[in-house]
C-alpha cells in the first residue's frame, strides 16, 4: 500500500500529495462556480431574447389591428385579467410603434419599456402620438413574458361615433 508523504515547508504549510489534492478540489470548485455563473448568464441572455420575441409579436399584433391577439400578452402577476372590449379599436390604425428605452432587472425577470406609437382613427384621419410605459414580467413555469400594462389608450382623443 503506497504511503503519502508530506513535507512541512518553511512557513509550516503541508506540501506534497495533500497539497495537490487541495489544489484539485479548488480547481474543481472554481470550475463548477464558473459553469454555474455561465449558465445563469446564458439563461439571462435567453430571457432577453425571449422578451424581444414577445414584444415584437405584441407590436406586430397592434400594427396589424389584431387587438384580441395583442390582449393575450396581458397577464397580471396576481392572476388572469379581463379581456378588453376590442371592438371600438377596429378603426384604430398604427403608423409606427417604436421602443425608445428598455431596462431589465439583474435576474432578467422584469423589464420596462418606453414606447412611442403613432396612430389614427380611420374615420378622422388625424395622426396622434401616444407614449406608454410598459412593464413586462417573466413567468418561469411557462417560460414566457407577459405584459402587465393595459393596452394603449388609443381612444382617449376620440369619441365613439354612433
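Condition first: in a strand (DSSP E or B) and touching a helix residue (DSSP H, G or I) at 6+ places or on another chain (Cβ under 7 Å). Now tell me which residues in the stretch 108-129 satisfy that.
At the first step, the residues of the stretch 108-129 found to be in a strand (DSSP E or B) are 110-121, 127-129.
Correct list: 111, 113, 119, 121, 128.
Hey, residue 95 hits all of (1) surrounded by 14 or more Cβ atoms within 10 Å (Cβ to Cβ); (2) over 16 Å from the mean Cα position of the chain (by Cα); (3) touching a residue at least 24 places away in the same chain (Cβ under 8 Å) but one; which does it fall short on?
(1) is the only condition that residue 95 fails.
Tally time: how many residues in the stretch 55-82 are surrounded by 12 or more Cβ atoms within 10 Å (Cβ to Cβ), over 19 Å from the mean Cα position of the chain (by Cα) and part of a loop (DSSP other than H, G, I, E, B)?
Matching residues across the stretch 55-82 total 4.
Within the set of pairs 6 or more residues apart or between chains, which connect a residue that is at positive phi and touching a residue at least 12 places away in the same chain (Cβ under 8 Å) inside the stretch 41-68 to a residue that is surrounded by 13 or more Cβ atoms within 10 Å (Cβ to Cβ) and not in a helix (DSSP H, G or I) with Cβ atoms less than 8 Å apart?
65/92; 65/93; 65/94
If you take the residues of the stretch 110-126 that are modelled with pLDDT of 95 or more and surrounded by fewer than 16 Cβ atoms within 10 Å (Cβ to Cβ), which of them is nearest to residue 89 (Cα to Cα)?
So the first thing to find is which residues in the stretch 110-126 are modelled with pLDDT of 95 or more, and the list is 110-120.
Pick out the ones that are also surrounded by fewer than 16 Cβ atoms within 10 Å (Cβ to Cβ) and you get 112, 114, 116, 118.
Working: 112: 25, 114: 22, 116: 18, 118: 14 Å.
Filtering first and then ranking leaves 118.
The values are calculated or read from the model by the stated rules, or taken from the named source; none is laboratory data. This structure is a prediction, so every number in the text was calculated from the model and none was measured. Neighbour counts are summed over all protein chains in view; Cβ atoms, including those assigned to glycine, are modelled from backbone coordinates with ideal geometry.
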